[in-house]
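Everything on this sheet refers to the single structure shown next.
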Amino acid sequence: MIEASDFLGAAKSAGIDVFTGVPCSFLTPLMNAAISDPQTSYVGATSEGEAVAIAAGAWFAGRETAVMCQNSGLGNAVNPVTSLNHPFEIPTLLITTWRGEPGVKDEPQHALMGEITPRLLDLIGAIRFPFPDTAEAVGPALARAVATMRDTGRVAAMVQPKGAIAPQPLEESEARPAPRATVLDFTPDAAPESRMDVMAALIADLPARAGVIATTGHTGRELFTLEDHARNLYCVGSMGGASAIGLGAALNSRREIVVLDGDGAALMKLGNFATIGAEAPANLTHVLLDNGQHLSTGGQATVSPHVDFAAVAAACGYRFAARASGVQASRAALASALASPGPRFLHLRVAPQAVSGLGRPTVPPREVARRFRGFLTESGA
């Protein structure tokens, strides 16, 4: 058994100071230590997939990260690990518990995942390292894991068994809900215009040094077609993760961060709204381009007509929330948002109009990731 301070101290020495995750009783000591330590940043996520995306955003902003979760939540993390971390070669340390470890009595819902946890980590491309069981082993074990993840751009994983870390008390300040923002309407009944036209207008109005994160599907492809720039991140997978990536980046960068999201993606990870509202980065603008469809897969309808996204954002603690439709109204909403502290949310209705012959980003994901990280971390950022 080791102390939580042993592990946390070695992690900090190896450069890891951003932690995010979802609790597990096995993780309680380490999670409590990360939350209580004033030298580390901890973001509690609503899902394991969100945590992976938050960590990716923090890495883009120049930080080294760790994700903590119960192994039953690995299923939620598989998508971003394989379609975000893998193509972009984003390193992170993944600490997962071993509920249902063979030979150790546990609840029935953990039996299958406990049996397959090591193989699942191998299957998704993580590089596994033994969890250290003595204080003397912690430093060298973490040094090897962190060096490997940096060198390879892959996820380094440690499986923490039951009772591996001694109890640790929690020191956490009480959360205070923010006053609810009043949702503003900028001609919401105007006829929607094409997403590409709306994006073109918004891009022209953004601060020159803002980082832009576009969700997967046609949104990222349209942004690339409009302008290819180091400040752009084109998500090629991890559907629903763009806003969490934006959160991780905004919390760790002085730049303005703008997320171009879609209705289908936002619906998939509505929990991200709550985390963004709670963390409240003043430099984050979340733009939802809502065409009511999964356009890139054939135009199947989403349930967005039944959802008041701006009201949801306001209820979750965004400091600014607005609705608009049409290019001019969208520009007016963005100008009003940027004049206010964030996090800011814009629900923009756009026409379900596909762009004929739309291409795909021709810059490899690894290059996109590293130039975006360079942009966010360059001197003067």
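The values are calculated or read from the model by the stated rules, or taken from the named source; none is laboratory data. Given the structure is predicted, the values throughout are model-derived calculations rather than measurements. Please note: Cβ atoms are built from the backbone with ideal geometry, for glycine as well, and neighbour counts cover all protein chains shown. All accessible areas refer to the heavy atoms of the entire protein, side chains included, with ligands and DNA or RNA removed. Shrake-Rupley method; radii C 1.70, N 1.55, O 1.52, S 1.80 Å.
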Subset tally (residues that are under 24 Å from Ala265 (Cα atoms), of a type in the set (A, V, I, L, M) and either open to solvent by less than 20 Å² (accessible area, probe 1.4 Å) or part of a loop (DSSP other than H, G, I, E, B) (or both)) for segment 176-189 = 1
Residue ID - most open to solvent (accessible area, probe 1.4 Å), chosen from residues in segment 1-22 that are over 21 Å from the mean Cα position of the chain (by Cα) and of a type in the set (S, T, N, Q) | Ser13
Kindly indicate whether any position in segment 181-188 is within 23 Å of the chain's Cα centre (by Cα) and touching a residue at least 40 places away in the same chain (Cβ under 8 Å).
-> no
How many of the residues in segment 309-352 are touching a helix residue (DSSP H, G or I) at 6+ places or on another chain (Cβ under 9 Å), open to solvent by less than 10 Å² (accessible area, probe 1.4 Å), under 22 Å from Arg254 (Cα atoms) and among the hydrophobic types (A, V, I, L, M, F, W, C)?
-> 4
Is one or more of the residues making up segment 85-92 over 30 Å from Val259 (Cα atoms), open to solvent by 60 Å² or more (accessible area, probe 1.4 Å) and either part of a helix (DSSP H, G or I) or at pLDDT 95 or above (or both)?
-> no
Within segment 211-232, how many residues are open to solvent by less than 10 Å² (accessible area, probe 1.4 Å), of a type in the set (Val, Ile, Thr) and under 11 Å from Leu358 (Cα atoms)?
-> 1
Within segment 264-280, restricting attention to residues that are in contact with a strand residue (DSSP E or B) (Cβ under 9 Å, 6 or more places away or on another chain) and surrounded by fewer than 20 Cβ atoms within 10 Å (Cβ to Cβ), which residue is farthest from Ala53 (Cα to Cα)?
-> Ala278
In a loop (DSSP other than H, G, I, E, B), within 18 Å of Met196 (Cβ to Cβ), of a type in the set (S, T, N, Q) and in contact (Cβ under 8 Å) with a residue 60 or more places away in the chain - does that describe any residue in segment 223-235?
-> no
Of Ala204, Ala208, Ala166, which residue is in contact with an Asp or Glu (Cβ under 9 Å, 6 or more places away or on another chain), surrounded by fewer than 16 Cβ atoms within 10 Å (Cβ to Cβ) and of a type outside the set (S, T, N, Q)?
-> Ala166
Residue hits (segment 233-263; surrounded by fewer than 24 Cβ atoms within 10 Å (Cβ to Cβ) and within 15 Å of Glu50 (Cα to Cα)) are Gly237, Met239, Leu251
